[in-house]
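Engineer: Take a look at the following structure, please.
The values are calculated or read from the model by the stated rules, or taken from the named source; none is laboratory data. Predicted model only: the values in this text are computed from it and were never measured. Ideal geometry is used to build each Cβ from the backbone, glycine not excepted, and the neighbour counts take in all protein chains shown.
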Amino acid sequence: MRAVCNTGVLAGKLALVSRGVSTRSPVQVLSGVLLEAREGRLELSATDMELSIRTRSPAEVEEAGRLVIPARIFSDIVRSLPEGMISIEHDVESGAAVLRSRENEYRIRAYAAEDFPALPEFSEEGSFRVSGEALVETVQKVSSSYSRDETRPVLTGILISFEDSRLRMVTTDSYRLSIKETELATTFEGKREAIIPARAMQEVGRIFSGSDEEQIEVQLSENQALFRVGDVLLGTKLIAGNFPEYRRLLPAAFEREISVNRDEIVGSLRRVNLFAQRQTPPVPVSLVFSEGSVEVVVRSGEVGEAHERIPASSEDDFTISFNPGYLLDGISAVDTEKVVFKFNEPLKPGLIVPNGEEEPDFRYLIMPMRDPSRA
């Protein structure tokens, strides 16, 4: 194999594909990038057996072939080279990858391409297109509330549904629940639903944000999902299992509905959180409502106290406490000028929604906390 590429273009492609490289597997070949030189291009692939990323770089191919190069040293070398051209050659006799740029030469011990796992291919049959902007925005809205606890794999994913002309995504870590619905220009026949690892969906967002594409092509099968953005193909295994019946968690009605200026309460929460986060675990933040206002309060035995008061549409006295980070995540995901809180009792879940929407397209259900300082 021998191919010649532009160093700047190749560095960008390596940075992208390296996000699929395994950093923990004892299988050495998974720590590398598969290079396949063919017909005027160099294809790059990486996988950790859960997620795979493939892309390509324009190249002058002098000899077709396949080669796996350790990702980190390869990427570091290419990124550090001055702008120009780089040749990549497989020295079959020594088993090394030989990189040449100007008067420089680097020899890296390569892995056998035959040991690299076969990656899924995208099929036009059964695939569909969605607005990339809509898909990525929906992922961003729900990304704060998926679980990072890998002992509960279903909760580390995003439940994604395509039905009629609507896209719905749901995440929960059992302390909060995010639901985002987005109207699409595409109409789907039937319903398609899958639990996709949140990490994979965030990678799709990064890939789209760095592209000039307007749409993302999607293919869902029984055990995997493929997303194609221009010349980049991301594949991921689906998460097996049953997602919680989240609709049952949403109260049918609420006793209180209170609106607050979004930017004002976000600013207050960020400031009082400076007191809360200096303890482990963080102390609760209390929302103390009275007629026409809410006081945002944190009491830390180690640091001190913070009190801020801002206008609110509340009509009576009511106090409820939350994890300050979780509360800030939910409010920050709202786009409207005012955010609406819906409450029943101090120890029952609260709901955060945008203002002025009879059927809100974003809902954030959050469990309250007991505030020992108010006992």
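Engineer: Of the numbered conditions (1) surrounded by 18 or more Cβ atoms within 10 Å (Cβ to Cβ); (2) of a type in the set (Phe, Trp, Tyr); (3) without any contact (Cβ under 8 Å) to a residue 60 or more places away in the chain; (4) not assigned by TED's automatic domain parsing to the domain that holds Lys180, Tyr106 satisfies every one except a single condition; which is it?
Structural biologist: Tyr106 satisfies all of (1) surrounded by 18 or more Cβ atoms within 10 Å (Cβ to Cβ); (2) of a type in the set (Phe, Trp, Tyr); (3) without any contact (Cβ under 8 Å) to a residue 60 or more places away in the chain; (4) not assigned by TED's automatic domain parsing to the domain that holds Lys180 except (1).
Engineer: Listed residues Val136, Val78, Val130; which is assigned to a helix (DSSP H, G or I), over 26 Å from Ser25 (Cβ atoms) and either assigned by TED's automatic domain parsing to the domain that holds Leu226 or in contact (Cβ under 8 Å) with a residue 60 or more places away in the chain (or both)? Talk me through it step by step, then tell me what you get.
Structural biologist: Details: Val78 fails: over 26 Å from Ser25 (Cβ atoms); Val130 fails: assigned to a helix (DSSP H, G or I).
On inspection, the qualifying residue turns out to be Val136.
Engineer: Same structure again: Could you check the stretch 114-145 and list, in sequence order, the residues that are closer than 19 Å to Ser52 by Cα, touching an Asp or Glu at 6+ places or on another chain (Cβ under 8 Å) and either among the small types (Gly, Ala, Ser) or buried (at least 19 other Cβ atoms within 10 Å of the Cβ) (or both)?
Structural biologist: Ser127
Engineer: Could I ask something else about it? Hey, any hits in the stretch 320-337 for a residue that's assigned to a strand (DSSP E or B), assigned by TED's automatic domain parsing to the domain that holds Glu257 and under 26 Å from the mean Cα position of the chain (by Cα)? Before the answer, list the steps.
Structural biologist: Looking only at the stretch 320-337, we keep the residues that are assigned to a strand (DSSP E or B), and these are 320-322.
Narrowing further to those that are assigned by TED's automatic domain parsing to the domain that holds Glu257: 320-322.
The next check asks that each one be under 26 Å from the mean Cα position of the chain (by Cα); those that pass are 322.
Checking the stretch 320-337: at least one residue is assigned to a strand (DSSP E or B), assigned by TED's automatic domain parsing to the domain that holds Glu257 and under 26 Å from the mean Cα position of the chain (by Cα).
Engineer: Taking the options Asn223, Asn273, name whichever one is over 30 Å from Ile320 (Cα atoms) and of a type outside the set (Gly, Ala, Ser). If you could, list the steps in order and put the result at the bottom.
Structural biologist: Numbers: Asn273 fails: over 30 Å from Ile320 (Cα atoms).
After applying the criteria, what remains is Asn223.
This table checks each residue for (1) closer than 30 Å to Val303 by Cα; (2) of a type in the set (S, T, N, Q).
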site: Val229; (1), (2): no, no
site: Ile239; (1), (2): no, no
site: Phe243; (1), (2): no, no
site: Arg247; (1), (2): no, no
site: Arg271; (1), (2): yes, no
site: Gln277; (1), (2): yes, yes
site: Thr280; (1), (2): yes, yes
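Engineer: Checking Ser314 against (1) in a loop (DSSP other than H, G, I, E, B); (2) surrounded by fewer than 18 Cβ atoms within 10 Å (Cβ to Cβ), which test does it fail?
Structural biologist: (2) is the only condition that Ser314 fails.
Engineer: Restricting attention to the stretch 76-94, which residues are small (Gly, Ala, Ser), farther than 9 Å from Arg2 by Cα and in contact with a strand residue (DSSP E or B) (Cβ under 8 Å, 6 or more places away or on another chain)? Give the derivation first.
Structural biologist: From the stretch 76-94, those small (Gly, Ala, Ser) are 80, 84, 87, 94; that's our starting set.
Narrowing further to those that are farther than 9 Å from Arg2 by Cα: 80, 84, 94.
Residues satisfying the conditions are Gly84, Ser94.
Engineer: Another question, if that's okay. Here are some residues: Asp115, Asp149. Which one is free of Cβ contacts under 8 Å to residues at least 60 places away in the same chain, touching a helix residue (DSSP H, G or I) at 6+ places or on another chain (Cβ under 8 Å) and acidic (Asp, Glu)?
Structural biologist: Numbers: Asp115 fails: free of Cβ contacts under 8 Å to residues at least 60 places away in the same chain.
The match here is Asp149.
Engineer: Name the single residue that is surrounded by the most Cβ atoms within 10 Å (Cβ to Cβ) among those in the stretch 269-291 being within 28 Å of the chain's Cα centre (by Cα) and assigned to a loop (DSSP other than H, G, I, E, B).
Structural biologist: Going through the stretch 269-291, the residues within 28 Å of the chain's Cα centre (by Cα) turn out to be 269-274, 276-285.
Remaining after also requiring assigned to a loop (DSSP other than H, G, I, E, B): 277-284.
Details: Gln277: 16, Arg278: 13, Gln279: 13, Thr280: 7, Pro281: 9, Pro282: 18, Val283: 26, Pro284: 23.
Once the filter is applied, the top-ranked residue is Val283.
Engineer: Which of the residues that make up the stretch 11-47 are within 20 Å of Glu203 (Cβ to Cβ) and part of a helix (DSSP H, G or I)?
Structural biologist: Going residue by residue through the stretch 11-47, those that are within 20 Å of Glu203 (Cβ to Cβ) are 11-25, 30-34, 43-47.
Within the stretch 11-47, Ala11, Gly12, Lys13, Leu14, Ala15, Leu16, Val17, Ser18, Arg19, Gly20, Leu30, Ser31 meet the criteria.
Engineer: Pull out all pairs, ordered by first then second residue, where Cβ-Cβ is under 8 Å, the residues are six or more apart or on different chains, the first lies in the stretch 38-57 and is within 21 Å of Gln28 (Cβ to Cβ), and the second is crowded, with 19+ Cβ neighbours inside 10 Å and at pLDDT below 95.
Structural biologist: That search, which allows pairs on different chains as well, returns Thr47/Ser22; Asp48/Ser22; Met49/Ser22.
Engineer: So, one more: What number of residues within the stretch 58-71 are within 17 Å of Ala113 (Cα to Cα) and not in a strand (DSSP E or B)? First the steps, then the outcome.
Structural biologist: Filtering the stretch 58-71 down to residues within 17 Å of Ala113 (Cα to Cα) leaves 63-71.
Filter once more, so that each one left must be not in a strand (DSSP E or B): 64, 71.
Residues in the stretch 58-71 being within 17 Å of Ala113 (Cα to Cα) and not in a strand (DSSP E or B): 2 in total.
A quick yes/no check of all residues on (1) at positive phi; (2) at pLDDT 95 or above:
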position	(1), (2)
Asp91	no, no
Ile108	no, yes
Gly126	yes, no
Val130	no, no
Ile158	no, yes
Asp164	yes, no
Tyr175	no, yes
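Engineer: If you don't mind, there's one more thing I want to ask. Report, by residue number, each residue of the stretch 219-262 that is part of a loop (DSSP other than H, G, I, E, B) and under 30 Å from Val294 (Cβ atoms). I'd like the intermediate steps shown before the answer.
Structural biologist: Kept after step one, since they are part of a loop (DSSP other than H, G, I, E, B), are these residues of the stretch 219-262: 221-223, 230-231, 238-245, 250-255.
Leu250, Pro251, Ala252, Ala253, Phe254, Glu255 - these are the residues of the stretch 219-262 that are part of a loop (DSSP other than H, G, I, E, B) and under 30 Å from Val294 (Cβ atoms).
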